[in-house]
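The values are calculated or read from the model by the stated rules, or taken from the named source; none is laboratory data. Just so it is clear, the model here is predicted, and its values are computed rather than measured. Note that each Cβ is placed from the backbone with ideal geometry, even for glycine, and that neighbours are counted across all protein chains shown. Areas reflect the complete protein model, heavy atoms only, side chains present, ligands, DNA and RNA absent. Shrake-Rupley method; radii C 1.70, N 1.55, O 1.52, S 1.80 Å.
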Amino acid sequence: MIRRFAVSEAGPKQASVDALVVGAFRADPPELAPGAIELFSEGGGALSKYLAEVGFKGEKGETFLLPTAAAGVDLPARQLVVVGLGNKDKVDSCVLRQAAAVAIRTIKAKGARSVGTTLWAAAGEPGTVDALSSIRSVTEGIGLASYEFTKYKSNKDADSKKGGPEELVLLGCVVEGADAALQRARATVEAVCWARDMVNEPASAKAPMDLAREIQAKLTEAGVECEVWELDRLQKERLGGIVGVGKGSVNPPCLLRMRYVPRSSGSRVRTVCLVGKGVVFDSGGLSLKPAEGMETMKTDMSGGAAVAASMWALPRLGIDLEVVGYVPLVENLPSGSATKPGDVLRFRNGKSAEVLNTDAEGRLIMADALALSSELKPAAILDLATLTGACMVALGTKIFGVMGNDDGLVEAVLSAAEECGERGWHLPLPEDYKKQLESEVADMKNIGSRYGGALTAGLFLSEFVDEGIPWAHLDIAGPARSDSDEYEIPKGGTGVGVRTLLRFLERFGQSS
Ligand code: BES
Ligand code: ZN
Ligand code: ZN
């Protein structure tokens, strides 16, 4: 895992790093990118020819590793990784991030402790991507792809040796603002990796109160206010959804209330609320899931992890907004004290719901947190939840669904996601589908009919957002975990949502 991030004026010829990563564009023979080309005599013609001979074409995602000595250059770095960037005129932030990620995967197992790269300069002058965006993309690609979760592996030494570089240096970088861009990327990387750590932690090691205290300690240290509302407070505040879902477990539920205030905040600074689903384990409750469906349910707090981790990064990004985060933490288990199908819960805003399926628990805890958020009359509410298997059926495991009551806000979330390398898709909240939630005994029931489950879940949540408050709901059930390593995304918890939230808040804070 990368722990040291630096920008250096020194180029590859002076910097003592173990491995050097450079880019090459698709051509025949492949053309070395700016930042690499300068290293070689005659524009790297000999290396280009050699690469062509071994079948390297410069396609996106292609990598080739060779000793620097064999490449015909005398450098402190012993290993050279050439990474393909595809067509020269099509290099964008995504290409750079993914190239950086595949390069780091290539050298991960090779024992290099430090990596230097000129990839940030590959988009060239005048360039298809500006230098500061390039710096951000490359740093995020390398930082995020170098993540691993080895806490429970016994042979730690061997693993961390295999784990690859701990230091990243952007070489030959004299761009104004480079260090600030690197530090922003670093804050983002560290937030995403912390979210992944929380998600990957086994459920029994993150009981609601334990996880809450861990988050509280880390946020307090970062200068973000953080309160933990324990069970008696939840009852006093009439948070019947959180209390109801938490009743089945010996580990009591709680609610995190986090607040970031910008240092130089004017009196007119706007407020944004973030809400994250924090089900530390979802067995389904009395509506028990089958064994297979439970295997990954320690990840059902991914939305909460993304919100807490994003809150942590806000001071370092200097976001110009007041941001209030709510994360209800519960364990959804069956027991003699658990909520039963047919029970009625009453939420913070006075509405009631008949719980016909205790596995549709996310919406019940989100309801209280959204109602609390509405009371602050914020300029926007964003919520993240691994809410429905249906969303995963609709959009697969790489794209989250975005629903909301304000198309402008949904668009802003989608474009923030696209800018930073995450993917969302707008899903509707059809008014007439609300009928599906009608209950015989309460204001609504917690499940709809068999089809369109992501939408009825979204419609349920909409009942807890006051009219006139722009709100967007991100159903991250699909992309919250990954079954394979791919580019900057590792197997297991992905930390999805952190990058989107941070980019969204940066942009929203800049607009008035
Ligand atoms: N946590 C699950 C949703 C989920 C499923 C997330 C798979 C990630 C992967 C949620 O609490 C749930 O169980 N939802 C039910 C709702 C249904 C009972 C209406 C579902 O999607 O099946
Ligand atoms: Zn569930
Ligand atoms: Zn759940």
**Request:** Working from Cα positions, state the angle (0 to 90°, nearest 10) between the long axis of helix 93-108 and the longest principal axis of the chain.
**Result:** 80
**Percent carbon-and-sulfur accessible area, segment 237-336, ignoring ligands, DNA and RNA, probe 1.4 Å** = 50
**Request:** Subtracting the Cα-Cα distance from 0.36 nm times the residue separation, let me have the gained length for Lys398 to Lys13 in nm, one decimal.
**Result:** 134.6 nm
**Prompt:** Once phi is turned into ³J(HN,Hα) by the Karplus curve 6.51 cos²θ - 1.76 cosθ + 1.60 with θ = phi - 60°, what whole-Hz value does each residue of segment 180-197 show in order, with x for glycine and proline?
**Reply:** 4, 5, 4, 5, 5, 4, 4, 4, 5, 4, 5, 5, 4, 5, 5, 4, 4, 4
**Item:** Paramagnetic reach from Asp179 (point 7 Å along Cα→Cβ, amide N under 20 Å) across segment 315-340
**Value:** 315-319
**Fill in**
In debye to the nearest 20, the charge dipole size for segment 25-181, taken about the Cα centre with +1 at each Lys and Arg Cβ and -1 at each Asp and Glu Cβ, equals 800
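Please find the FRET efficiency linking Glu214 to Lys491, where r is the Cβ-Cβ separation and R0 is fixed at 35 Å, and quote it to the nearest 0.05. Please list the in-between numbers first.
Values: r = 23 Å, r/R0 = 0.66.
Result of the calculation: an efficiency of 0.90.
Please give the FRET efficiency for Ala291 paired with Tyr152, using the beta carbon to beta carbon distance and R0 = 25 Å, rounded to the nearest 0.05.
Between Ala291 and Tyr152 the formula returns 0.70.
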**Request:** State the Cα centre-to-centre distance between segment 84-142 and segment 407-440 in whole Å.
**Result:** 32
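Which value, in debye to the nearest 20, gives the size of the charge dipole of segment 18-64 about its Cα centre, when Lys and Arg are +1 and Asp and Glu are -1 at the Cβ?
Dipole about the Cα centre, nearest 20: 120 debye.
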**Complete:** Listed by chain and number, the residues whose amide H is under 5 Å from that of Asp383, excluding neighbours fewer than 5 places away on the same chain and using placed H, are Val275, Ala472, His473, Leu474
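How much length is gained on full extension from Arg238 to Asp407, taking 0.36 nm per residue of separation minus their Cα-Cα distance? The partial results should precede the final answer.
Values: separation 169, 0.36 × 169 = 60.84 nm, distance 3.16 nm.
Working it through step by step, the gained length comes to 57.7 nm.
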**Fill in**
Checked segment 305-436 against the a/c 1.5 cut and the a/b vs b/c comparison, axes a ≥ b ≥ c from its Cα gyration tensor; verdict prolate
**Fill in**
Whole-Å distance linking the alpha carbon centroid of segment 364-378 with that of segment 443-475 is 13
**Item:** Charge sum, other residues only, whose C-beta stays under 10 Å from Ala385's C-beta, Lys/Arg counted +1 and Asp/Glu -1
**Value:** -1
**Asked** Counting only residues 5 or more places away or on other chains, whose amide H sits under 5 Å from the amide H of Val21 once H atoms are built in the peptide plane?
**Response** Val81, Gly116, Thr117, Thr118
**Request:** With a point put 7 Å past each Cα toward its Cβ, work out how far Ala46 is from Asp92 in nm, to one decimal.
**Result:** 3.9
**Item:** Calculated from backbone phi, Karplus (6.51, -1.76, 1.60) coupling profile of segment 350-366 in Hz, x at Gly/Pro
**Value:** x, 6, 10, 9, 8, 8, 8, 9, 6, 7, 8, 8, x, 4, 6, 7, 5
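Based on the mean of other Cβ atoms within 10 Å per residue, sort peptides 493-501, 80-88 so the most packed one is first.
Numbers: 493-501: 29.3, 80-88: 23.3.
Descending packing order for the listed peptides: 493-501, 80-88.
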**Item:** Global geometry of segment 347-413, whether rounded, prolate or oblate, following the gyration tensor of its Cα atoms and the 1.5 cut on a/c
**Value:** oblate
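Could you state the orientation-averaged shadow area of the convex hull built on the Cα atoms of the chain, in nm² to one decimal? Numbers along the way, then the final one.
Working: hull surface 97.3 nm².
With the hull built on Cα positions only, its mean projection is 24.3 nm².
Evaluate the charge dipole of the chain about its Cα centre and quote only its size in Debye, nearest 20, assuming +1 on the Cβ of each Lys and Arg and -1 on the Cβ of each Asp and Glu. Spell out each step's value before the answer.
Numbers: 57 positive and 67 negative charges, 175 e Å.
Computed about the Cα centre, the dipole is about 840 debye.
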**Message:** Calculate the FRET efficiency for Asp28 and Asp483 from the Cβ-Cβ distance with a Förster distance of 35 Å, rounded to the nearest 0.05.
**Reply:** 0.45
**Whole-Hz couplings from phi, Karplus 6.51/-1.76/1.60, listed for segment 384-400; x for Gly and Pro** = 10, 8, 7, 8, 9, x, 4, 5, 5, 5, 6, 10, x, 9, 10, 10, 8
**Asked** Can you give the extra length, in nm with one decimal, that the chain gains between Glu440 and Glu38 once fully stretched, where that is 0.36 nm per residue apart less the Cα-Cα distance?
**Response** 137.3 nm
**Item:** Built amide H within the under 5 Å cut-off of Met301, gap 5+
**Value:** Val279
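Could you tell me the relative contact order of segment 365-481? Use alpha-carbon pairs under 8 Å, at least six residues apart, and round to a whole percent. Can you show the working numbers first?
On the way: 203 pairs, mean separation 56.0, N = 117.
Taking the mean separation of contacting Cα pairs over the length of segment 365-481, I get 48 percent.
Hey, what's the Kirkwood Rh for segment 89-231 if you take every pair of different alpha carbons, in angstrom?
17.1
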**Complete:** Quick shape check on segment 381-512: root eigenvalues a ≥ b ≥ c of the Cα gyration tensor, a/c under 1.5 is rounded, otherwise prolate if a/b tops b/c, else oblate, and it reads oblate
**Request:** Give the whole-number value, in cubic angstrom per residue, of the convex hull volume spanned by the C-alpha atoms of segment 201-272.
**Result:** 117
**Request:** Report the relative contact order of the chain, percent, no decimals, based on alpha-carbon pairs under 8 angstrom and at least 6 residues apart.
**Result:** 14
**Item:** Burial ranking of peptide ranges 318-329, 196-207, 378-389, 246-257 (average Cβ count within 10 Å, highest at the top)
**Value:** 378-389, 318-329, 246-257, 196-207
